[in-house]
1. Averaging over all projection directions, find the projected area of the Cα convex hull of the stretch A:1-108 and quote it in nm² with one decimal place.
2. Taking +1 at the Cβ of each Lys and Arg and -1 at the Cβ of each Asp and Glu, which of A:VAL255, A:VAL196, A:GLY234 sits farthest along the dipole of the stretch A:186-268 towards its positive end, judged by Cα position relative to the Cα centre?
3. With a 10 Å cut-off between alpha carbons and a GNM built on chain A, which of A:ALA166, A:ALA346, A:ALA250 moves the most?
4. Any idea how far apart A:THR43 and A:VAL311 come out in nm if each label point goes 7 Å out from Cα toward Cβ?
5. With +1 on the Cβ of every Lys and Arg and -1 on the Cβ of every Asp and Glu, and nothing else charged, how large is the dipole of chain A about its Cα centre, in debye rounded to the nearest 20?
6. Kindly write out, for the stretch A:329-337 in residue order, the coupling ³J(HN,Hα) from the Karplus curve 6.51 cos²θ - 1.76 cosθ + 1.60 (θ = phi - 60°), rounded to whole Hz, with x marking Gly and Pro.
7. Taking chain A as a Gaussian network, where each spring joins two C-alpha atoms under 10 Å apart, which residue of A:ARG283, A:ARG72, A:ARG122 fluctuates the most?
8. Suppose we take every Cα in the protein assembly as shown and form the convex hull; what volume per residue is that in Å³?
Amino acid sequence: MTSHTRPDVVVTGLGATTPLGGDVASTWDGLVNGRSGIRKLDTDWAEMLPVRIAGLMVDDPANHIDRVKTRRMDRSEQAAVVAARQAWADAGIPDDIDKERVAVSVGTGIGGAKTLVDQHDRLMTKGARLVSPHTVPMLMPNGAAAYVGLEFGVHGGVHSPASACATSSEAIAWGLDIIRSGRADVVVAGGTESVVFPLPIAGFASMRAMSTRNDEPERASRPFDKGRDGFVLGEGAGIVVLERADHAAARGAHVYARLAGAALTSDGYDIVAPDPEGTQQARAMTLAIRDAGLDPADVAHVNAHATSTPVGDMGEIAAIRKAVGDRPVVTSTKSMTGHLLGAAGAVESIATILAVYHGVVPPTINLDDPDDELTLDVAANVARTMAVPAALNNSFGFGGHNAALAFVRG
Amino acid sequence: MANRDEIRSGLADILEEVAGVDKADVADEKSFTDELDVDSLSMVEVVVAAEEKFGVKIPDDEVPNLKTVGDAVSYIEKNAA
């Protein structure tokens, strides 16, 4: 051991609320059984939109938060707090932990945009005096992280990275750095998103980024399939508790997996289109593998970012081949959850961690007619039981953000 | 026009809705901030809701004078249309 040895970081707690379930157990059950959380949007406003399907949280987070507090929290903030409470309880963090050694790293892709729009409507119809005094803390993009920090009274720093759909993987990567650099023993890390309302849907739809398979909601998110026609919006939150390994061991904590490595790169290519060469996506995976002290051949599984868009999915397949080779079993759990934007990386990290932990790779559903360029082994339609000693989770975001996380069996 | 009991009862409804105050705790001598735990942002909501409910204007520079429930009841009683 050299004096430069970095501390190992382990995952000791998981929390989630998703279109598949209100907690990790129900979400995982949905994932391994290939259930779709995508439904027809049963609201009047959906009629004016070209996209009328989404993955809504099945368990309203407001049901788990004091009624008065829900008036002061955007739904994205509520979801973050619900998932964080689950993760904190799952980790069994003792009440007497030194809160100066606990940090938060929780991001959102968009933030409290629903609050912004609702209060703007109120301003225009009822006047400035009727705008809620809680508007600003509800819409600020650091609001979810701040509420999570308040929930546990942490003093080790509250951070909220924003990198669109890479946000919560980046948040987990920051968590790793925070512990490695000695700034905290425990980091509550992840992301949240709740923007299923007309403006974001109209905006994404105007980009022609979304599936319009409105009559078959459960079949709409179909990564790697020839019939894919865009992503399906989902909402929810995912939170993991990261902990310095010796800190976790000293208190006898249960360990799901080790967060062995992480890497963040940027395309420098286009504001929304991924670099078709996939060079920086591949480099993120390569650097994460190296950071984890692994060989590419050690990686048995990749939870792909694959959102079900025509261009993105196959670019990522090429990047995975370049970085990891053709051995890993690939899946896209977005086929079931839809795309949770700023929460995607965290929810998919949880899927990756549990794949490592249980030795089960969740399926990619709706993969009926694979793209001709699909040259990797995808767990099509049925979960794959297999040893997963090490796995990667990829997340890529508008702006050219690429994040890769490496989880290893603990 | 509403009498003091009706105003107090209406205020209790508002306080419960926006600040989670137990209606049974709402009495004339109770301080909004010290005893009923109504924070400054919630007080803004209480004032705006009371204006709507009782058809009264409560200017911002008047709010610091409304320290107790009784202060607010008296102000509304005196100024309601």
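1. Spelled out: convex hull of the Cα atoms, projected over all directions, averaged, 11.5 nm².
2. Farthest along the dipole direction, towards plus: A:VAL255.
3. In the Gaussian network model the winner is A:ALA250.
4. Once both label points are built, they end up 2.9 nm from each other.
5. That gives a dipole near 680 debye.
6. 8, 9, 8, 10, 6, 4, 4, 10, 8
7. Looking only at A:ARG283, A:ARG72, A:ARG122, the largest GNM fluctuation is found for A:ARG122.
8. On the way: hull volume 76.5 nm³, N = 491.
Hull volume over Cα atoms, normalised by residue count, gives 156 Å³.
Any read-out appearing in this document is the output of simple, stated calculations on the displayed coordinates, not a laboratory observation. Here the structure is a predicted model, which means the values were calculated and not measured. Positions of Cβ are generated from backbone atoms using ideal geometry, with glycine treated the same way; all protein chains shown enter the neighbour counts.
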